[in-house]
Amino acid sequence: MALQHLLSTRDLSVKDINSLLDDASSVLTPDGLHPMQSHELRGKRLVLAFFEASTRTRLSFETAADRLGGTSIFFQGSGSSVEKGETMRETIFTIQSMGFDAIILRHAQNGIHCEIASYSTMSVINAGEGSAQHPTQALLDASTIREYSGEVSGKRVAIVGDLRHSRVARSTTDVLKRLGANVAYCAPDALAPNDEMFSTMQRFSSMDELLPWADVVYLLRIQRERLSDEIILDPDDYRRRYSFTMERAREYPNVAVMHPGPVNVGVEIDEPVLDLPQCLIHRQVTHGVAVRMAVLRKLLST
Ligand code: NCD
């Protein structure tokens, strides 16, 4: 079925996910991306409207659009007329009136992507929505695990850190579980998720407890910008219980390490771990370009 928007991982069936991952894998090489330039998106105009900070998501969507021959224009929410009191709806109609085919949107408000999709004629692609969804991150995570381990099904993945405020935890868990992975989590009480989807999942109490079980440890940053003031975490205790330290990496060289980025070194991970062969964090970034190309192709190429 043709897809107009990508708002949530739940817009995609397992068949859709697998076909996007197959498409993504065709542009990947063992150490990068095929040097290619296609014209599949010639004449397509994309606006990246980002109301929150980004490095990887922004650059990889721009790179994906460029490699497919589309045009992308970046619109930064801060400093825009929204700060002069313009409504989101008016901002969207303003963007739409300039003839864009798709809006790639990052915004802190849960639900705003769906709302915009209900009145905009542009394709809405979710590039991060509050604590709710980040569908292309989930696809790139699945793509990275599939490449590293041969398949996602049966793999034991432990998500560790601030799941409560993480859109990545929600969308990546959904995709990995539907592809047959065994997903568990580990978080201090103050950062543990309290929504339904996690209630039946296995929960570990520390990194040391989960490491003998896991094939993949998926680390999350503490989302300080979303933390309420009453949550106080002791950094030494956090490191002791939840951090992927160099000592743990040496003890478990077969456990793969992933992270959506940005990484806070010294908090959830030790800096030298980033250079180890078991660390897939930089490979995830490359997969980010490949899966975003696959998504843009699926939604926009005619
Ligand atoms: C994440 C995000 O913005 O949701 N990063 C990303 O897109 N690669 C995770 C985060 O901010 O911690």
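The values are calculated or read from the model by the stated rules, or taken from the named source; none is laboratory data. As the structure is a prediction and not an experimental result, all values here were calculated from the model. Please note: Cβ atoms are built from the backbone with ideal geometry, for glycine as well, and neighbour counts cover all protein chains shown. Each accessible area value is taken on the protein alone, full model and side chains, heavy atoms only, with ligands, DNA and RNA left out. Shrake-Rupley method; radii C 1.70, N 1.55, O 1.52, S 1.80 Å.
Values computed for the structure shown
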{"item": "Local electrostatic count at Val267 - Lys and Arg +1, Asp and Glu -1, tallied over other residues with Cβ under 13 Å", "result": "-2"}
{"item": "Using alpha-carbon coordinates, inclination of helix 14-25 to the longest axis of the chain, degrees", "result": "90"}
{"item": "Charge sum, other residues only, whose C-beta stays under 14 Å from Ala169's C-beta, Lys/Arg counted +1 and Asp/Glu -1", "result": "0"}
{"item": "Local electrostatic count, Ser25, Cβ distance below 12 Å [Lys/Arg +1, Asp/Glu -1]", "result": "-2"}
{"item": "Bridge type composition, the chain - antiparallel percent by DSSP, nearest 5", "result": "10"}
{"item": "Using alpha-carbon coordinates, inclination of helix 281-300 to the longest axis of the chain, degrees", "result": "30"}
{"item": "Cα-based equivalent ellipsoid, the range 135-281: semi-axes from gyration tensor eigenvalues, Å", "result": "21, 19, 14"}
{"item": "Candidate lysines for bridging to Lys155, where Cα separation is under 30 Å - those fewer than 8 sequence places away on the same chain excluded", "result": "Lys15, Lys177, Lys298"}
{"item": "Ranked by how many other beta carbons lie within 10 Å on average, peptides 172-181, 196-205, 293-302 from highest", "result": "172-181, 293-302, 196-205"}
{"item": "Theoretical gain in end-to-end length, Gln4 to Thr55 [0.36 nm per residue, Cα-Cα removed]", "result": "15.8 nm"}
{"item": "Most mobile of Glu268, Glu115, Glu147 in a GNM of the chain (Cα contacts under 10 Å)", "result": "Glu115"}
{"item": "For the chain, alpha-carbon Rg and Dmax in angstrom", "result": "19.1, 57"}
{"item": "Accessible solvent surface per residue of the chain, calculated while the other protein chains remain in place, 1.4 angstrom probe, Å²", "result": "43"}
{"item": "Whole-number percent relative contact order across the chain, with pairs defined as alpha carbons under 8 Å at least 6 apart", "result": "22"}
